[in-house]
Every structure is written in structure tokens, then in C-alpha cells.
Amino acid sequence: MTARILAASLMIATCTGLPASRSAVLVELFTSEGCSSCPPADALLEALDSPEIVVLSEHVDYWNQLGWADPYSSARYSDRQRTYANRFGLDGVYTPQMVVDGAAEFVGSDRARAKNAIERAGHAEKATVRVFALEGRVRVEVDALPAALQKRGAGVYLALASNEATSQVLSGENRGRRVHHVAVVRDLTQIGELHRGAPFAKEVPLAAASGAQMRVVAFVQERGQGRVLGVALARAW
């Protein structure tokens with residue numbers, strides 16, 4: 001095992017590495033550099049970022065036509081947010097929006113709501129997920145879930161994210177402002193399915209463009225973009 005592989009492996013955060021009463025929690029923030037209300041939510045996400053709280057910053061693209069094209073935005077993350085809006089029975093999408101473990105949503109800068117939702121999610125029973133950032137590839141392993149926990153089909157997802165990013169915004173609502181982000185999602189892909197009573201293991205190539213200062217996040221989510229059933233993090237440097 002090379003020093004790089006060993007270092008990546010030692011930085012893995014999995015459910016089994018937490019106290020028995022706690023499980024890792026996935027916190028997604030739907031944000032945009034074109035939204036003047038988003039920087040406080042970006043700052044809250046950065047404050048939450050830890051092995052126990054796995055964060056992802058997903059930049060939507062529907063703000064781009066209003067004066068500033070967010071360089072990290074993608075229609076894929078806007079679509080993911082719309083799926084959540086339908087699931088939660090919302091009238092539409094908004095930013096900043098925080099989603100905790102696919103089970104709770106609220107305004108992304110609401111620190112008290114975030115604390116309460118994360119506390120509840122941290123006590124939920126979940127799958128044991130492991131993710132290893134190896135040389136040129138990622139290995140994801142998920143232990144079998146009890147049938148009572150996995151009541152419907154679940155997908156296994158892999159996200160590749162920049163550890164941090166900074167922009168000097170030149171136009172739009174944040175004109176003249178320097179904005180900072182953590183865990184900026186650059187790719188989010190479903191790599192398989194977790195079948196009831198069966199474990200999951202798969203290796204996938206690590207994108208050549210990923211390079212240093214990236215992280216990989218693996219998580220299991222109920223079909224229909226439902227509840228997150230387990231999450232793990234590895235830093236790929």
C-alpha cells in the first residue's frame with residue numbers, strides 16, 4: 001500500500017467509526033453564487049463539515065440567467081432539488097435549501113433547524129458504508145441492511161467534490177463579493193443498487209480531472225430520492 005493510499009484510507013469516515021449511538025449524517029445544500037441569501041448558508045455548511053456530518057454543496061443553475069453564471073452550477077443538481085421539492089410537497093424550489101439525510105428540508109442558513117435535524121438523523125439506524133479513495137479508483141462497500149430497515153429499493157451513489165472553492169463574483173446579486181464554498185459537487189452518479197439482505201461492493205475509476213484537494217462521498221438512498229440509509233467520506237489526496 002502506497003503512502004497516498006494509506007493516507008486516504010486512514011481518513012475514511014464510516015458509520016462504524018462513530019460512537020454506537022451515532023451514525024454519520026448527509027447534509028446537502030442547494031445553493032448558488034447568484035443568490036444574495038446563500039453566503040450565510042455556505043458558511044453554515046462549512047461550519048458543519050466533519051467526519052460525522054458529511055456535507056455536499058450542490059450548485060443549481062436556475063439563477064444563472066439573472067446576472068451571474070455560477071461556474072459550479074449544473075442542471076443535474078437543479079433536477080435533484082426539484083425531485084426533493086416534489087417529495088416534500090413544496091410549491092417549488094428555492095435557495096438556499098438544506099436537506100438532511102433526505103428526510104428534512106429547511107432554509108439553508110437556519111442553524112437551529114440544522115442542529116435539530118442532524119441530531120435526529122444521527123440516532124437513526126443505518127447501513128455501514130465504507131469508501132476507499134485508491135490510486136485512480138474508488139472502492140465502495142455497503143454491508144447488508146436488515147429487511148426491516150430497507151423497506152423499498154435503494155441506490156448506491158458516489159459524489160466527487162472539491163474540498164473548497166472561492167469565486168470573486170462580478171455581477172448579479174453578489175456583485176463585488178468574494179464567496180467561499182466547501183464540498184462543491186463536481187459529479188454525482190448512481191453506481192448500483194443495494195438489494196434487500198445482500199451486501200454491495202464495487203470499484204469505479206476516479207476521474208482523471210479530480211486531482212488533489214478532492215473528496216469522495218458514497219451514500220445509500222431509498223428509491224425515489226427518499227431517506228438516506230448510510231453515508232461515508234474519503235479525502236482523495
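Listed values, structure above:
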read-out	value
Residue-wise HN-Hα coupling along segment 183-197, computed from phi with Karplus coefficients 6.51, -1.76, 1.60 (Hz; x: Gly, Pro)	6, 6, 5, 10, 7, 9, 9, 7, 9, x, 10, 9, 8, 4, x
Karplus-derived 3J(HN,Hα), 6.51/-1.76/1.60, for each residue of segment 57-71, Hz, glycine and proline x	9, 10, 8, 7, 10, 6, 8, 4, 7, 9, x, 9, 8, 5, x
Extended-chain gain in nm, criterion 0.36 nm per residue less alpha-carbon gap, R87 and F106	5.5 nm
Label-point separation in nm, E125 to S37, each point 7 Å along Cα→Cβ	3.8 nm
Three-way shape label, segment 41-127, alpha-carbon gyration tensor, a/c 1.5	prolate
3J(HN,Hα) from dihedral phi, segment 75-88, Karplus parametrisation 6.51/-1.76/1.60, rounded to Hz, x for glycine, proline	4, 4, 6, 5, 5, 4, 5, 5, 4, 4, 4, 5, 5, 8
Along the chain, longest interval not containing exposed GluC sites (Glu not before Pro), exposed being DSSP loop plus at most 14 other Cβ atoms within 10 Å	1-124
Kirkwood-based shape ratio for segment 19-70, expressed as Rg/Rh from alpha carbons	1.12
Fewest-first sequence of V107, V25 by Cβ atoms within 10 Å of each Cβ	V107, V25
Computed lengthening from A201 to A75, 0.36 nm per intervening residue step minus Cα-Cα distance	42.4 nm
Mean projected area (nm²) of the alpha-carbon convex hull when segment 79-189 is viewed from all directions	9.8 nm²
Trypsin sites (Lys or Arg not before Pro), loop per DSSP, at most 16 other Cβ atoms within 10 Å - longest free stretch of the chain	23-150
Using alpha-carbon coordinates, inclination of helix 111-122 to the longest axis of the chain, degrees	10 degrees
Residues E46 and R175, FRET efficiency given R0 of 30 Å [Cβ-Cβ distance, rounded to 0.05]	0.85
Convex hull volume per residue in cubic angstrom - Cα atoms of segment 41-87	102 Å³
Residue-averaged 222 nm ellipticity for the chain, from DSSP H runs of 4+ at -39500 (n - 2.57), nearest 500	-6000 deg cm²/dmol
Radius, Kirkwood style, for segment 3-235 when every pair of distinct Cα atoms is counted (Å)	17.8 Å
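Laboratory data are not the source of any read-out in this text; all were calculated from the coordinates shown. Note that the structure is a prediction, hence the values are computed from the model and not measured. As a convention, Cβ positions derive from the backbone with ideal geometry for all residues, glycine included, and neighbour counts pool all protein chains shown.
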